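A short reminder: the numbers here are calculations on the coordinates, not readings from a lab. As the structure is a computational prediction, the values presented were derived from the model and not from experiment. Virtual Cβ from ideal backbone geometry, glycine too; neighbours counted across all protein chains shown.
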Amino acid sequence: MEVFEGKTWISGQGLVDTCVGVSEGKIVSVKKILKGDKHTVTDGIILPAGLDMHVHFRDPGYPHKEDWKSGSQSAACGGVTAVVDMPNTNPFTSNVETFNEKVSLASSKSLVDFGVGMNVEEGLTSKSWFDTIPSAFWKLYPYGISSEQYFDLANEVLKKTRKPLVIHGEHPDHMHNQPLHKLSDHTQNRSRAESECLSAMPSSEKLHVAHLSSLEGLRCMPESATSEVCPHHLLLSLDSCASLDCKVDPPLRSRNDNNGLYEAFREGSIPILASDHAPHTIEEKRSEAPPSGIPGVETMIPLMLNEVSAGRLDLGRLVNAMSEAPASRLGLERGKIAEGFTADFIVVNLKQVDPIDVDALHSRASWTPYQDWPAVFPSSVYRRGDLISYNQEPIGTGGGQHLFG
Ligand code: DOR
Ligand code: ZN
C-alpha cells in the first residue's frame, strides 16, 4: 500500500488531516495514521480529480486539432483524470463499428480514463445494440435536422433508454450560420435558441442539458432534468470578450447571464461543471467561416480553483461539481476520496496563483481566451494511484481505461 498524507477533502466533512492508502489503483483506507510501503506527505491539499463529461478530442478525424494523446495530456495537466468524448468526430460515433474504433483509439493513446457518447440518429432505438452498447450516454445535436425530427428523437430516446440523453439545447430552427461581422452577431442570431429549445423539452430525469448558457435558458429548464455549465459561460461575456475567436455554440452572452448562471451553479441547481473542450486551430478560427468552439479541458479546474482562492466559490461546491456530481450522473462510483473509490486525486496549493500561459498548455488548439488569467494548477495529478502529471507536465503516455468497459 502507498500512503498519501495531507489535508484531504472528505465529502461530508470538508478538509481533514488524514492519510489516504492506495493499492492497485483504489483507495483502500482513509485514516488519521497509516503505514505503507511508500509514504508521501503532499505539498498541498488533496482533492478528488475532475471528471469532465463533455470534451471533443477530435479522434478519429481531425488530429491536427487534437487527438487522444494531446487531449488527454491536456486533461491530465488540468487535473482531469476522466473524460467523456462527444460523437461529432469523423466518422461520427453512431454505430458499433465507430464506437469500437473510438474505444480502441482511446485505449491505445489516452492518458486519462474515458467514456464515449453516441450520436442520436433516426432509427437508433430500434438497433439491436441499443440496450447493450456501453456508451456513456446518447447525445442529440440540433444541426442539420428539422425541429420536428429533433424533438421526436428526444422524446423517443427518453422513453426507451435507461441512460442519460445529453442534448445540445438550442432550437434547430435557429441554427443557421449567417456571416458574422462581430461576435455579438452570433449571440443575436441565437438569442432565443436555448429558451425555445428547453421549454419544448419533456421533463425527464434522464435528460441532461449540456452547456447551459443563458438566464432565460435556466428559467426554461425542464423540471427533473440536470444540467452542466462551462467556465466560458460563467466567466466570459460579450462585455468582456469581443474577439470572434470566442465564437462558441451556445454563444457567449451578457455579464448578467454569467452572474445568474454562477449563482445557480453556486447553490447547486446547475450541478455539474464541464468544459465543452472544443479545439480548433487559430487559423481555422480566423478563417472566413470560423467554426464554433473554445478549448478548455486544461484550464477548467485551474480557473475555478482560482475562483475558490479569490473567495467567490466554495471549495466543497467546486469539488462536487467537478468530481462527485458528474460521476454520479453517469452512474460511476468515482469522484470521492473514500474507501473503495478509484484513487484519482490532485494536489493543490490554493495560494499558488499563476497566470495562464498558452505556451504551457497541451492542446493542439494552441490558443486560449484565458491568456494571463490567474489560475491555480494542480502540482500533482494521480490517476488510479499513478502520477500522470507533475507541475503542469504530463508523465507517461497511455494507460487510460474505458469507464464503461
Ligand atoms: O462551440 C461548439 N463547438 N459547440 C458545440 O456544440 C460543438 C463544438 C465543436 O465540436 O467544435
Ligand atoms: Zn460540445
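The figures follow:
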quantity: Loop-resident sites, the stretch 1-96, for GluC sites (Glu not before Pro), counting at most 11 other Cβ within 10 Å (DSSP); calculated: Glu24
quantity: Residues whose placed amide H lies under 5 Å from that of Lys26, excluding near-sequence neighbours; calculated: Ala343
quantity: Nearest 10 degrees, 0 to 90: helix 68-77 Cα axis against the chain principal axis; calculated: 60
quantity: At most 13 other Cβ within 10 Å, DSSP loop - trypsin sites (Lys or Arg not before Pro), the stretch 105-182; calculated: Arg162, Lys182
quantity: Protection proxy ranking, peptides 225-233, 142-150, average beta carbon neighbours within 10 Å, highest first; calculated: 225-233, 142-150
quantity: Extended-chain gain in nm, criterion 0.36 nm per residue less alpha-carbon gap, Ser243 and Thr132; calculated: 35.5 nm
quantity: Packing-based exposure ordering (other Cβ within 10 Å, fewest first) of Val80, Val3, Val319; calculated: Val3, Val319, Val80
quantity: Leu350-Leu180 FRET efficiency (beta carbon distance; Förster radius 51 Å; 0.05 resolution); calculated: 0.85
quantity: D_trans [Stokes-Einstein, Kirkwood Rh over alpha-carbon pairs] for the chain, 25 °C, 0.890 mPa s, µm² s⁻¹; calculated: 116
quantity: Gyration tensor verdict on the stretch 359-400 (Cα atoms; rounded if a/c is under 1.5, prolate if a/b is larger than b/c, oblate otherwise); calculated: oblate
quantity: Volume in Å³ per residue [convex hull over Cα atoms, computed for the stretch 1-68]; calculated: 143
quantity: Fraction of beta bridges assigned by DSSP in the chain that are antiparallel (%, nearest 5); calculated: 50
quantity: Qualifying GluC sites (Glu not before Pro) in the stretch 248-326, DSSP loop, other Cβ atoms within 10 Å at most 12; calculated: Glu288
quantity: Nearest-0.05 FRET efficiency for Ser108 and Leu387, computed from C-beta distance (R0 25 Å); calculated: 0.75
